[in-house]
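Novice: Below: one structure in C-alpha cells.
Rule-based calculations on the coordinates, nothing more; no lab input. What you are looking at is a predicted structure, and each value in this text was computed from that prediction instead of being measured. Here Cβ is always computed from backbone atoms with ideal geometry, including for glycine, and neighbour counts include all displayed protein chains.
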Amino acid sequence: MRLFDTATREVRDFIPLVPGQVSMYVCGATVQAAPHVGHIRSGVAFDVLSRWLRHNGFEVTLVRNVTDIDDKIMAKGEIENRPWWAVAAHYEREFQNAYTILGCTPPTIAPRATGHITQMISLMQDLIERGHAYAAQGDVYFDVRSFADYGKLSGQRIDELLPAGDAGSSSPKKDPRDFALWKSAKLGEPSWPTPWGDGRPGWHIECSAMAKAYLGDAFDIHGGGLDLVFPHHENEVAQSKAAGQAFANFWLHNAWVTTSGEKMSKSLGNSLLVTQVVQRVRPIELRWYLASAHYRSNLEFSDAALSESAVAFGRIENFVTRATEVLGEIELSDLPVDFIDAMNEDLNVPSALAVLHEVVSAGNSLLADGEHGAKLITALSQVRGMLDVLGVDPLNPTWNSSQSDSPQAALALDALVQGQIVARAEAKEQKDFAKADAIRDQLSALGITLQDSAESVRWILEK
RNA sequence: GGUGGAGUGGCCGAGAGGCGAGGCAAGGGAUUGCAAAUCCCUGUACACGGGUUCAAAUCCCGUCUCCACCUCCA
C-alpha cells in the first residue's frame, strides 16, 4: 500500500513500524463550536483509511484527540454564560454525535487535553533540560532557533514567515516565532499548577503529549486537515523530535470542503452544520458524498452535487436491496483486484468507485436476466464488501433508522401495500389502466414507489 | 513577501507521455398498457501561448485565473 506523505511530498510505500499493526494519531476537534461538513469530511476520510487498513488485516490503534481547553472555548463560555468546561463538553458531544451518525468507527481512544496535563509538564521539563524551551514570566516557550529542522514539514523558513501577531514589544519571547507551550493564567482563567506557576496549555503541546502517552515515541501515521500543517503539525513535530522522539512516520492531510471555491469555515459564514445537511439527505448519502472524492482534493459542496450524489448512491443501494431479496444473507468474498489496486494507491476512492459501478451494472443485468446463481452472489458480496470498506453498506445495522423501523410496523405496512399491489394487478388484468394508475399514484403520494419487473412487483419507501 | 495546491466535456470527478476512468444530466434504443426500475448505444474534454517527442491533458518554458497556509481553523 502506498500513501502520500506530506513530509516528503510524495506517494511512498507504507510499511508499519510493527508488522501487522498500525498506530495512528488524528487531530480531532477543538470543541468550541458545532461540527460542519468540512470537519466531518476529515472524520470520514480517516475512517476510510482505518477501515481499509483493518480490511487488510492490520490491527489499528487510532487516537483522535479532543482539545478541550483553548482561548476560543473560554471566549465561548463568556458568550454563552457558562463555564468553559460546559462549553467543551457540549461541543464534544456534538462532534461525537456527528461522527456516530456518519458511521465513523469509534477511535480506540479519544483523549482530552485537560486529562494529560501531567504528561505536558513532563514534556516541557524535558524540552527545557535539552535547551529547546524556556520559561519566562510564567509562560513556557519553544525555542524555534534551537531546532534545526523547524519548518521542514511545511517547507517554511523561519526568516520568511510573516511576523507573528502577538510579537509585541512586551512579549517575553526570545524570537517572535517562538510559540507558547504553556500560558500563565490570568485572573479568573482556568489553570493547573506547574513548576513555572499556574497556567494552561498552549495549542500544540496536547497532541505531542497524548501521542506519546498512547502511541509511544514513534508511530505510523499522523493525520489531520491541511490547515494544520502549519503551524500546528510543524510545532508538534518540533516539540516531539526536540524531545528525542522519532514521532510520526507518515503525515496525511485531507483537503477542504469548499463552497464557491472557498474553504468552508465559520469566519466566512459559509459553513453548513452536519445537523442541517442530514435534514436534506440521509446520513449515509452524506457520507457517500464526502467519501466519493479523493481525500486530498477539494470537494466543492453544492446542493445540486449533493442531490445528484444521493441519486447515484440510490442506484447502488437499489442493487444491494434487490439482490439481497433474491439471495438472502450471503458471505463476503474477495474484492475485485482493480478496487484493491485503487485503494492501495493512496486511497484512490474515485477510481475504486468506477469498479464498484461496473460490478453493480453487471449485477443488475444478472437480476434482469433472472440469473440468481453464483455470479450474482459474487457480485453482491463484492459490492457489499466494497461499500463496507467505505463505510456505506446500506445493510449495515449502523444505518437503521431506529425510530421508524420497528419490525411490526414494517410488516403491517408491507401487508397493506401488498394488498394495493394485488388490487392494481387485478385492475391491469381487466385492462382498467385508469384504476391501476390511480392506485400507483396514491401510493406514490405517500412516498411509496412501485418497481415492476417481469416476475414480480416490489415497493420501496422513499426516505 | 514566503510556502503549497488547482484550472479536465452541461455538471461532478479520476488519470498524469501512447490507443476516450466512472457517475449524474442529455439524446436514441430495449423492456412496459403507460410509467418507474433495469440494460444497451451516443461524448474526441483536459485555462492560454510556445516548445520537446513518432506520440502531450500528461514533460519543458512562459502567461493568465483561482484557492489555501504563514493569526484560530478539519
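Novice: Mind listing which trypsin sites (Lys or Arg not before Pro) in the stretch A:171-211 are in a DSSP loop and have 15 or fewer other Cβ atoms within 10 Å?
Specialist: A:K174, A:K186
Novice: Put +1 on the Cβ of every Lys and Arg and -1 on every Asp and Glu Cβ in chain A; which of A:M120, A:I439, A:A415 then has its Cα farthest towards the positive end of the dipole?
Specialist: Value: A:M120.
Novice: Restricting things to alpha carbons, find the Rg to Rh ratio for chain A using the Kirkwood radius for Rh. List each step's numbers first, then the result.
Specialist: Details: Rg = 26.6 Å, Rh = 24.9 Å.
Across chain A, the Cα-based Rg/Rh ratio is 1.06.
Novice: Kindly flag which residue pairs out of A:K152/A:K173; A:K76/A:K183; A:K152/A:K263; A:K72/A:K173; A:K174/A:K266 have an alpha-carbon separation exceeding 27 Å in this structure.
Specialist: Flagged as over cut-off: A:K174/A:K266.
Novice: How charged is the neighbourhood of A:L286? Take every other residue with its Cβ under 11 Å from the Cβ of A:L286, and add Lys/Arg as +1 and Asp/Glu as -1.
Specialist: Working: positive: A:R41, A:R280, A:R282, A:R287; negative: A:E285.
Charge balance in the 11 Å sphere: +3.
Novice: Follow-up question, since we're still on this one. Please state, rounded to one decimal and in Å, the Kirkwood hydrodynamic radius that the stretch A:16-102 gives when every pair of distinct Cα atoms enters the mean of 1/r.
Specialist: 14.3
Novice: Give me the Å³ per residue figure for the convex hull around the C-alpha atoms of the stretch A:349-463.
Specialist: 141
Novice: What relative contact order, as a whole-number percentage, does the stretch A:275-382 give when Cα pairs under 8 Å and 6 or more residues apart are counted?
Specialist: 29
Novice: A further question on this structure: For chain A, take the longest principal axis of its alpha carbons; what is the angle in degrees between that and the long axis of helix A:407-429, to the nearest 10 within 0 to 90?
Specialist: Approximately 40 degrees, to the nearest ten.
Novice: I need to check one value: relative contact order of chain A, counting alpha carbon pairs closer than 8 Å and at least 6 residues apart, in percent.
Specialist: Normalised by residue count, the contact order of chain A is 16 percent.
Novice: Right, here's the next one. Taking only C-alpha pairs under 8 Å that are 6+ residues apart, what is the relative contact order of the stretch A:407-461 in percent?
Specialist: Relative CO of the stretch A:407-461 lands at 22 percent.
Novice: Fully extended, how many nm does the chain gain between A:E10 and A:A423 (0.36 nm per residue separation, minus their Cα-Cα distance)?
Specialist: Contour length minus Cα-Cα distance gives 142.3 nm.
Novice: Assuming R0 = 51 Å, can you tell me the calculated FRET efficiency for the pair A:K186 and A:E262, based on Cβ-Cβ distance, to the nearest 0.05? Walk me through the numbers on the way to the answer.
Specialist: Numbers: r = 35 Å, r/R0 = 0.69.
Given R0 = 51 Å and the Cβ-Cβ separation, E is 0.90.
Novice: Additional query: Quick one: Cα centre-to-centre distance for the stretch A:283-347 and the stretch A:69-111, in angstrom?
Specialist: The two parts, judged by their Cα centres, are 30 Å apart.
Novice: Can you give the convex hull volume per residue for the Cα atoms of the stretch A:2-254, as a whole number of Å³?
Specialist: So the per-residue Cα hull volume is 125 Å³.
Novice: For the stretch A:318-365, what is the convex hull (Cα atoms) projected area averaged across all directions, in square nanometres?
Specialist: Taking the Cα atoms of the stretch A:318-365, their convex hull projects to 3.7 nm² on average.
Novice: Taking the Cα atoms of the stretch A:90-132, report the difference between the largest and smallest coordinate on each principal axis, in whole Å and largest first.
Specialist: For the stretch A:90-132, the Cα extents along the three principal axes come out at 46, 20, 14 Å.
Novice: Could you check how many percent of all C-alpha pairs in the stretch A:407-461 are farther apart than 19 Å?
Specialist: Value for the stretch A:407-461: 23 percent of Cα pairs lie more than 19 Å apart.
Novice: Would you mind computing the Rg to Rh ratio of the stretch A:276-396 from its alpha-carbon coordinates, Kirkwood style for Rh?
Specialist: With Rg and the Kirkwood Rh in hand, the quotient comes to 0.98.
Novice: Of the beta bridges DSSP finds with both residues in chain A, what % are antiparallel, to the nearest 5?
Specialist: Working: 24 of 47 bridges.
Antiparallel bridges: around 50 percent, rounded to the nearest 5.
Novice: Oh, and also: Under a crude label model (7 Å from the Cα following the beta-carbon direction), how far is A:R280 from A:D414 in nanometres?
Specialist: About 3.4 nm separates the two model spin labels.
Novice: Placing unit charges on C-beta atoms (Lys and Arg positive, Asp and Glu negative, everything else neutral), compute the dipole magnitude of the stretch A:2-254 about its Cα centre in debye, rounded to 20.
Specialist: So the dipole magnitude of the stretch A:2-254 works out to roughly 300 debye.
Novice: Let me know the charge dipole size of the stretch A:262-399 about its Cα centre in debye, to the nearest 20, where only the beta-carbon of Lys, Arg (+1) and Asp, Glu (-1) is charged.
Specialist: Using Cβ point charges on Lys, Arg, Asp and Glu, the stretch A:262-399 gives about 560 debye.
Novice: To continue, here is another question. So what's the stretch A:202-312 giving for Cα Rg divided by 2.2 N^0.38 Å, two decimals?
Specialist: Cα-based Rg divided by the globular estimate yields 1.32.
Novice: If I take R0 = 35 Å and measure r between the Cβ atoms of A:E129 and A:E78 in this structure, what FRET efficiency does the formula 1/(1 + (r/R0)^6) give, to the nearest 0.05? Don't skip to the end; give the middle numbers.
Specialist: Values: r = 37 Å, r/R0 = 1.07.
Efficiency, from the Cβ-Cβ distance: 0.40.
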